[in-house]
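Here is the structure we will look at.
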Amino acid sequence: MQRRTFLKAAISLGLGTAPYLSIAKGVSSLESPLLAAAFGKIPAAGSIRRIVSAGPVADVLLLSLAPEKLLGISTHNIPDDRKKYFSDTIRNLPNTGRLAGRASTFPMERLLELKPDIIVDVGNTSASYTSTAERVYQQTGIPYVVVSGRLADSAGQLRLLGDMLGEPGKGGALADFAENVLAAGQEARAQAQTAPTVFVGRGADGMETGLAGSIHTEVVDTLGARNVAAAAGRDLLARISMEQLIQWDPDVILTQDPNFFQRLQTERVWKDYRAVRQGRYHLVPTVPFGWMDHPPCVNRLLGMLWGLHVFYPELWPQARYQQAVIRYFDLFYGYTLTPEELSSIDRLQS
């Protein structure tokens, strides 16, 4: 939603803008390009104690930024072996369902019973998402904000929501880490002699992928590697054929799907692909969330670190990579990850 459109909507609903502008000292959030929509009188940052996450993308950011204030998470069925990386506070959060997306699974009655101070959505800021925020606010009277942002905006997301939700110190520390990772990506791009061509295969058969500008392949783009599927146009996701992939002939094939990775290893048809013949195909880690996407949030900073090590090993050798990932787990999850645990998470096998 454009800023002018939002202002008109706010005025028509009698919300005004002053309450929003007062949420954090020195922050005029209506001027932030990352604010897609805000409905209702946003509470003062120091008074926010109860937060509802609108969807899986918001879950990832909020469980790192303000886990003690979360009333639940929308992410379904996190496996027990992944919950070990979270604090008891997070492990014990109930599943509340989601508000964002095509079909809400969060009953309005339950939302009202929880009495949150604010609802937060992060990520996709299409008209359907902002219209959902407006509808929920009109039905419940609960303030609802939608914060947008691509991978490159990770630090801005963390600072904006840190200030808004009364966690400026934590938000600043996480944002500093994000800025350092993104700066490392820019440095590697500038120093690298060549940029690999990459295909990111999704699903059990690997034939779904992100096209040019897709949020699902931003890690590849941000690292300076070339997404071969960009040649097929611009869209979030699309299906391709194996014949098309042979024509693209990528240097590297990546996937988060273990079923597709198994096919790359065992099915004869994949032996015709150069990346497979040369052993340049990898299973991207997904613990506790996908490092490439799924969901596309700050978890992709881990994908950046992983990609730096895979694409530019001379600049990011094993020791540097491990140290940075361990630091992420400490900052974002409050978990002390050992090198042995990282090796079990990240099996750079092919």
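The values are calculated or read from the model by the stated rules, or taken from the named source; none is laboratory data. Please read all numbers here as calculations on a predicted model, not as lab measurements. Using ideal geometry, Cβ is built from the backbone for each residue, glycine included, and neighbour counts are taken over all protein chains shown. We work out accessible area using only protein heavy atoms, side chains counted, and drop any ligands, DNA or RNA first. Shrake-Rupley method; radii C 1.70, N 1.55, O 1.52, S 1.80 Å.
Checking G149 against (1) touching a helix residue (DSSP H, G or I) at 6+ places or on another chain (Cβ under 7 Å); (2) modelled with pLDDT of 95 or more, only one condition comes out false. Which one?
Going through (1) touching a helix residue (DSSP H, G or I) at 6+ places or on another chain (Cβ under 7 Å); (2) modelled with pLDDT of 95 or more one by one, G149 breaks only (2).
Would you be able to say whether some residue in the stretch 177-196 is β-branched (V, I, T) and over 16 Å from the mean Cα position of the chain (by Cα)?
Within the stretch 177-196, one or more residues are β-branched (V, I, T) and over 16 Å from the mean Cα position of the chain (by Cα).
Looking only at the stretch 322-338, how many residues end up being open to solvent by 60 Å² or more (accessible area, probe 1.4 Å) and farther than 16 Å from V60 by Cβ?
4
Go through the stretch 94-125 and count every residue that is surrounded by fewer than 19 Cβ atoms within 10 Å (Cβ to Cβ) and either among the small types (G, A, S) or in a loop (DSSP other than H, G, I, E, B) (or both).
The total comes to 9.
Return the residue satisfying two criteria in turn: it lies in the stretch 72-93 and is in contact with an Asp or Glu (Cβ under 8 Å, 6 or more places away or on another chain) and not in a loop (DSSP other than H, G, I, E, B), and of such residues it is surrounded by the fewest Cβ atoms within 10 Å (Cβ to Cβ). Reasoning before the result, please.
First, the residues of the stretch 72-93 that are in contact with an Asp or Glu (Cβ under 8 Å, 6 or more places away or on another chain): 73-75, 89.
Filter again for not in a loop (DSSP other than H, G, I, E, B), leaving 73, 89.
On the way: I73: 25, T89: 13.
Among them, the one singled out is T89.
Identify, please: which residue in the stretch 215-237 is touching a Pro at 6+ places or on another chain (Cβ under 6 Å) and of a type outside the set (G, A, S) and is, among those, surrounded by the most Cβ atoms within 10 Å (Cβ to Cβ)?
The extreme case among them is V228.
Name the residues in the stretch 304-347 that are of a type in the set (D, E, K, R), touching a residue at least 24 places away in the same chain (Cβ under 8 Å) and under 19 Å from D176 (Cα atoms), would you?
In the first step, residues of the stretch 304-347 are kept if they are of a type in the set (D, E, K, R); the result is 314, 320, 327, 330, 340-341, 346-347.
So of that shortlist, the ones also touching a residue at least 24 places away in the same chain (Cβ under 8 Å) come out as 327, 346-347.
R327 - this is the single residue of the stretch 304-347 that is of a type in the set (D, E, K, R), touching a residue at least 24 places away in the same chain (Cβ under 8 Å) and under 19 Å from D176 (Cα atoms).
Report, ordered by the first and then the second residue, all pairs with beta carbons closer than 6 Å, sequence separation of six or more or different chains, a first member in the stretch 58-73 that is over 21 Å from W291 (Cα atoms), and a second member that is part of a strand (DSSP E or B).
Taking only residues 6 or more apart or on different chains, the pairs are K69/I51; L70/I51; L71/V52.
Give the residue that is least open to solvent (accessible area, probe 1.4 Å), with candidates limited to residues of the stretch 240-280 that are part of a helix (DSSP H, G or I) and among the β-branched types (V, I, T).
V276
Can you tell me which residue among T89, T130, T96 is closer than 15 Å to H76 by Cβ and polar (S, T, N, Q)?
Matching residue, one of T89, T130, T96: T96.
Any residue in the stretch 190-215 that's among the aromatic types (F, W, Y): show its pairings with residues that are assigned to a loop (DSSP other than H, G, I, E, B) and buried (at least 22 other Cβ atoms within 10 Å of the Cβ) at Cβ separation under 7 Å, as long as the two are six or more apart or on different chains.
F199/P250
Read through the list (1) assigned to a loop (DSSP other than H, G, I, E, B); (2) over 20 Å from the mean Cα position of the chain (by Cα); (3) modelled with pLDDT of 95 or more, then give the number of the only condition that S350 fails.
(3)
So is E314 part of a helix (DSSP H, G or I) and open to solvent by 40 Å² or more (accessible area, probe 1.4 Å) or not?
no
Could you run through the stretch 285-325 and say how many residues are β-branched (V, I, T) and under 15 Å from the mean Cα position of the chain (by Cα)?
Of the residues in the stretch 285-325, 3 are β-branched (V, I, T) and under 15 Å from the mean Cα position of the chain (by Cα).
Where residues in the stretch 156-214 are crowded, with 22+ Cβ neighbours inside 10 Å and among the polar types (S, T, N, Q), which of them is farthest from P116 (Cα to Cα)?
Here the residue is T209.
For A319, state whether it is surrounded by fewer than 17 Cβ atoms within 10 Å (Cβ to Cβ) and not in a loop (DSSP other than H, G, I, E, B).
yes
Going through S47, S64 one at a time, which residue ends up being polar (S, T, N, Q), at pLDDT 50 or above and open to solvent by 20 Å² or more (accessible area, probe 1.4 Å)?
Checking each option against the conditions leaves just S47.
Take the conditions touching a residue at least 24 places away in the same chain (Cβ under 8 Å) and open to solvent by less than 30 Å² (accessible area, probe 1.4 Å) and apply them to L301. Does it pass?
On the way: touching a residue at least 24 places away in the same chain (Cβ under 8 Å): yes; open to solvent by less than 30 Å² (accessible area, probe 1.4 Å): yes.
Taking the combined requirement at face value, the residue satisfies it.
Working only within the stretch 320-350, note down all residues that are within 24 Å of D257 (Cβ to Cβ) and β-branched (V, I, T).
Once the filter is applied, which keeps residues that are within 24 Å of D257 (Cβ to Cβ) and β-branched (V, I, T), the stretch 320-350 yields V325, I345.
Yes or no: K69 basic (K, R) and open to solvent by 30 Å² or more (accessible area, probe 1.4 Å)?
no
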